[in-house]
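**Q** I have a structure here, written as C-alpha cells, and I will follow up with some questions on it.
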Amino acid sequence: MKMYIVTLGGVWVFLLGLLSVGFSSDLSGLPPEIKTDKGTTYVSGGVGLDERETLNRIGQDYDLKLGFAEKAGNYLSDVEVVIKDAGSNTILEAVSQGPWFFAKLPAGKYTILATMKGETRQQVVRVTTRGQTALYFYW
C-alpha cells in the first residue's frame, strides 16, 4: 500500500493550477447582470466585443438604449446614470458597467443625466411603444 503525503501548500498550488488551466478568472464570458433600481429594470456593459454582442441580443427587449463615449470615439464605462420622469421624479440611479446602458421604461418623456468624472451631460427623450429609443452621450 502506497501512502501519499500532501502539504497544504502543495494543495494550493495544485488548485491554482487547475484554475489557470480549466477556468478563466476573466468573467467577461458571463452575461451582463440584469438589475432593478426604484422599480426600473436595466442592464449595462459592453466592455469587449462578446459582451456588446450579448447586450445587443438582451437589449432588444428594452425601450431605451444609452451609449457613452469620448468625442475621440473611445467607449466609456463607470458613467453615473440618473433617469427622471416628466414630473422630475428620479426613477433610476445607477453606474454603467460599460459603454451601453439599457432600461425598460413605460412610454413617456424622460430627462437623462449622465455624469463622467464630475462632468454631467443632460438630454430629454420621449420613449414610445414603437421600438427602442437610443441616445448617445459624448465627453
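The values are calculated or read from the model by the stated rules, or taken from the named source; none is laboratory data. In this text, all values refer to a predicted model and were calculated from it rather than measured experimentally. Every residue, glycine as well, gets a Cβ built from its backbone with ideal geometry; the counts of neighbours run over all protein chains shown. With ligands, DNA and RNA removed, areas are computed over all heavy atoms of the protein, side chains included. Shrake-Rupley method; radii C 1.70, N 1.55, O 1.52, S 1.80 Å.
**Q** What's the carbon and sulfur percent of the range 56-139's accessible surface, probe 1.4 angstrom, rounded to a whole number? Intermediate values should be presented prior to the final figure.
**A** Details: 1950 of 4560 Å².
Carbon plus sulfur share of accessible area: 43 percent.
**Q** Each residue of the range 47-52 in order: what ³J(HN,Hα) in whole Hz does its phi give by Karplus 6.51 cos²θ - 1.76 cosθ + 1.60, θ = phi - 60°, with x for Gly and Pro?
**A** Karplus-based 3J(HN,Hα) across the range 47-52 equals 7, x, 4, 4, 5, 5 Hz.
**Q** On to the next question. By how many nm would the segment from residue 136 to residue 93 grow when fully extended, if each residue of separation counts as 0.36 nm and the alpha-carbon distance is taken off?
**A** Going from the current span to full extension adds 13.7 nm.
**Q** Could you tell me what fraction of 2.2 N^0.38 Å the Cα radius of gyration of the range 85-136 comes to, as a two-decimal ratio?
**A** Compared with the compact-globule rule of thumb, the range 85-136 sits at 1.16.
**Q** Ok, one more. Mind ordering 128-136, 109-117 by average Cβ neighbours within 10 Å, highest first?
**A** 109-117, 128-136
**Q** Would you mind putting 86-94, 58-66, 70-78 in packing order, based on average other-beta-carbon counts within 10 Å, highest first?
**A** Put in order of decreasing packing, that is 58-66, 86-94, 70-78.
**Q** So, for the range 97-139, what is the accessible surface per residue at a probe of 1.4 Å, expressed in square angstrom?
**A** 56
**Q** Can you list the residues, at least 5 places off or on another chain, whose amide H is less than 5 Å from the amide H of residue 139, using H built in the peptide plane?
**A** Residues meeting the amide H criterion: 69, 70, 71.
**Q** Nothing charged except the Cβ atoms of Lys and Arg (+1) and of Asp and Glu (-1): what's the magnitude of the dipole of the range 80-139 about its Cα centre? Round to the nearest 20 debye. Please report the intermediate quantities before stating the final value.
**A** On the way: 7 positive and 4 negative charges, 49 e Å.
The calculation lands at about 240 debye.
**Q** Among the lysines, which fall within straight-line cross-link reach of residue 65, defined as a Cα-Cα distance under 20 Å, with same-chain neighbours fewer than 8 residues apart omitted?
**A** 35, 38, 84, 104, 109
**Q** Fully extended, how many nm does the chain gain between residue 58 and residue 75 (0.36 nm per residue separation, minus their Cα-Cα distance)?
**A** Working it through step by step, the gained length comes to 4.2 nm.
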